[in-house]
1. Given the structure, is C:ALA78 under 20 Å from C:GLN162 (Cβ atoms) and away from every other protein chain (no Cβ under 14 Å)?
2. Any idea which of B:MET270, B:MET228 is at pLDDT 85 or above and in a strand (DSSP E or B)?
3. If you go through region A:63-98 one residue at a time, how many are touching a residue at least 24 places away in the same chain (Cβ under 8 Å), within 10 Å of chain C (Cβ to nearest Cβ) and either assigned to a helix (DSSP H, G or I) or of a type in the set (Gly, Ala, Ser) (or both)?
4. Anything in region C:83-107 that is under 16 Å from C:ASN25 (Cα atoms), of a type outside the set (Phe, Trp, Tyr) and out of contact with any Phe, Trp or Tyr (no Cβ under 9 Å at 6 or more places or on another chain)? List them, or say none.
5. Specify the residue that is farthest from the chain's Cα centre (by Cα); the eligible residues are those in region C:227-240 that are buried (at least 22 other Cβ atoms within 10 Å of the Cβ) and not hydroxyl-bearing (Ser, Thr, Tyr).
6. Do we have B:GLY11 as within 12 Å of the chain's Cα centre (by Cα) and either within 14 Å of another protein chain (Cβ to nearest Cβ) or among the small types (Gly, Ala, Ser) (or both) here?
7. Pick from C:GLY156, C:GLY198: which is away from every other protein chain (no Cβ under 13 Å) and in contact (Cβ under 8 Å) with a residue 40 or more places away in the chain?
Amino acid sequence: MAIISDREIATREAYGRALVELGRQNNNVVVLDADLAKSTQTIKFGKEFPDRFFDVGIAEANMIGISAGLAACGMVVFCSSFAIFATQRVLNQIFQSIAYPNLNVKIAASHAGISVGEDGATHQSIDDISIMRSIPNMTIVVPADAHEAYEATFAAANFEGPMYIRLSRMATPVVTPPGKPFEIGKAIVLREGKDITIAACGIMVYEALGAAERLSGLGVEAEVINFNTIKPFDKETLIESVIKTRAALTVEEHSIIGGLGSAVAEALCEEFPVAMSRMGVRDQFGQSGKPVDLLKHYKLTSDDIAKEVLRVLETRRKANEIYEISASTRSDFGALKAENEGGMPDESSN
Amino acid sequence: MVDPVFIGIAGDSGAGKSTFVKDIATLLGKDKVRTISFDDYHSLDRVERKAVGITPLHPRANNLGLAIEHLFLLKQGKKVLKPVYDHSTGNFGDPEWVVPMPYIICEGLHPFFFKSLAELYDMKVYYDTEMDLKFNWKVKRDTAERGYTVEQVAKEIRLRQRDIRNFVEPQCALADIIIKLKISKNSSSAIGVDWKEPVDDPWIRKCLKSCNFDNWKCFTEWHAGRKMNVFGIYDDLNQEQLKELSGIFSISRDLLSKVQEKEVVPYRTMLLLFAARIKQIRAAKDKDNEVVLKNAV
Amino acid sequence: MPFSRIVYKPEYEELEKKALIIRKNVIKMIGKAQSGHPGGSLSCVDILTALYFRILRISPKYPKDPERDRFVLSKGHAAPALYATLAETGFIPYEWLDDLRKFGSPLQGHPDMKKVPGVEMSTGSLGQGLSVGVGMALAAKIFESGYRVFVLLGDGECQEGQVWEAAMSASHYKLTNIVAIVDRNRLQIDGCTEDVMGIDPIGAKWKAFGWTVIEVDGHDFLELIPALEAISYTSKPTAIIANTVKGKGVCFMENNVDWHGKAPKQDQLEEALKGFDEIEFMESEDVSLDSKN
């Protein structure tokens, strides 16, 4: 039974509802929280299954340890808190107690990114994806909307191993069809285009689609890919797209260091280097404000995305010009190079 | 290694067991005595008992198997970790260590409810109180300390009677001595003592056979299927009579020195006799152990 | 369903002999690996012996029996002691002990639950084992199973805040099926625990968190066994403060801060092993590293 919504709905809301349904289907599902059940929406599960719900209070490290113990005894464990407390704060606990022994614990963290809003920097997680990415055995899932969050919860329960699910506080529009089973590790092309690849995750997917609409009016066709799994990273879909477009832009409600942007840059650098740019929080802390104001300030709106696309394309055009000019001098340069390395560079490649 | 003398004291709560045990311990020497209250072996706390719907008088509310294990280990000279029940809260506290001592007194509702338990003791006493006395004491205690009315106390006693009859009184059949406190008009304390011992295991009868202690009423009666010699101690003893008594029963001087009063009430007489008996058991045990040691060497 | 049973039920003299075998193997394997933590491993050998040969309802034939008792070595650096105990109980072959900390060996420097049968949780970074134990005890309640959970912590480890988070939660969830044993050897890496960051009165602290506290001599089976068996009648989670000697069994290591994480050199190893041989009842036992039981 899926969520069908035509209004804005938060991913955490969908998660809360999915948990209840999951609890009804599977007796081994256990849910934990750290005094934030009303915010993370695990309270719904807690009301219906009080014997399988443990709100451990403001003790996140203990929550992770208890989750590991429960998983070691055969339970399917979901534990939740705010993203910043469920990752940064308990990194070593996740590393040693969950990831190293590869236990079946899903860390479903809500209130990720700067869209948390008024609570400010100490409650806004801008590095949860990068932290989780650096841990081996960890699968990272970032649903783009409530429909995906709902299905991802079920996919997580069927998946054996540690997983991180990134959810948001803010109600956001849906961009994917309801009831579509969530495939872990498969990025989805939501809009085809030939001029640039926009890789987005989470609530930024909606913004990316908005930017693509705007760009279409200017004659630029952007291909928008929803990277709802960051780890394992779907390199094939990315490279396939970039071979077509020859330019890439990443957008995430996360630091540009270590998250989706870095994953894309790593893949492109090793497989198919193209002009690219990362959009996200530029190595800064968050701050208080209305989510919509914060998104505008950190340049994470569809307007900003459209502008950045044009800038990337312009940068690529200029780079090509310089390349053309220097091609003529390349033969002298090439001889020098050939002396050192052997073999002439391919002049026709561009 | 310490070879303890095990004394079991069974009886209804409110019969005066704890006072009796305390007084015996004083007579025998507090540093030589370890008292174990069988209430500590309750398996359910107050809340759980209410949920199940049984009184602490029921053996099922007590972990008697654990008690057997502990007494057995103590007999072997090993120390044990005994649970602790807190009467004021109705909950359990931290367990405490029990080290074997020369005398170990186990008092409670079911100290020798099972035969396997009964075999562990060197002396088993069933301690009882006449109903009128018990009622008066209980009324005094409960109205003063717990704020009950007389009707409430009577009701509670009535409710417990069935459990007492079923679970506590049967231990009479296994007891070596039955001590019953009764109302006595002759004594200054108004309390007299009936000392009952089986006809086929007499101690007082043996000691008395040479002489007649005419203060005491002697008769036989059937009790729980056994014929008992009953000695009624209802009068106070003066110093002369006390001397005579100590001669008959070989009461040692250090025991006598603890009895300071001029007129010895029946209760104190009973304590003296009991302490003397226990000391005799202790002496016999020590002699046995000496023989064993001598033979071993 | 396979029925878990205690493998051994020997009297205390047998336990002493087992403890001696395990101690010898601990020193041998650390000496062979030239790496490891002898002090903290030796101080908890008697506790592990009491658990594995008397208390725990486990069987090497059924290491994954869902009804088995769980033991979590929260002070993961005492892994050599755990490995030696697992070898003696039959969970792992004795040959593995030769390869402690060697590249490719299942016996990692700190216990890895994926590689070694009989290890219930991967530990190493301190303070996390008790939380895991609480989770396992909660699972027992959910499954309505009678298995018990035993967690061994170091005393320095009690300086970690997470230990107290776990202590609070065990008491809050009224878990009577969990026992925390604190290996109180009074030393840590940078000195005496009371000099570095005093944890005394440690018993009172556990009591304040709602645990039943029993203080014992951690090298005396006459006290350890009754204390561990007290779980059958406690109404609160139990904390056993076991007063031990770090490096117990090797005279130059006893109570010596230096031997927390240093492996004995060859001559020191020989001296240590000689010390074990000088105990009488070892003469009739075959205690080479390849001893099979």
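The values are calculated or read from the model by the stated rules, or taken from the named source; none is laboratory data. Bear in mind the structure is a predicted one, so any value in this text is a computation, not a measurement. FYI the Cβ positions are ideal-geometry reconstructions off the backbone, even for glycines, and counts take in every protein chain you see.
1. Yes.
2. Among B:MET270, B:MET228, only B:MET228 is at pLDDT 85 or above and in a strand (DSSP E or B).
3. The total comes to 14.
4. Matches in region C:83-107: C:ALA84, C:GLY90, C:PRO93, C:GLU95, C:ASP98, C:ASP99, C:ARG101.
5. C:PRO237
6. Considered against the rule, which asks whether it is within 12 Å of the chain's Cα centre (by Cα) and either within 14 Å of another protein chain (Cβ to nearest Cβ) or among the small types (Gly, Ala, Ser) (or both), B:GLY11 comes out as yes.
7. Testing whether each residue is away from every other protein chain (no Cβ under 13 Å) and in contact (Cβ under 8 Å) with a residue 40 or more places away in the chain leaves just C:GLY156.
For (1) aromatic (Phe, Trp, Tyr); (2) loosely packed, with under 13 Cβ neighbours inside 10 Å; (3) within 14 Å of chain C (Cβ to nearest Cβ); (4) on the phi > 0 side of the Ramachandran plot, each residue gets a yes or a no:
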| residue | (1), (2), (3), (4) |
| --- | --- |
| B:VAL98 | no, no, yes, no |
| B:ILE105 | no, no, no, no |
| B:PHE114 | yes, no, no, no |
| B:LYS124 | no, no, no, no |
| B:GLU130 | no, no, no, no |
| B:LYS134 | no, no, no, no |
| B:VAL139 | no, no, no, no |
| B:ARG158 | no, yes, no, no |
| B:PRO170 | no, no, no, no |
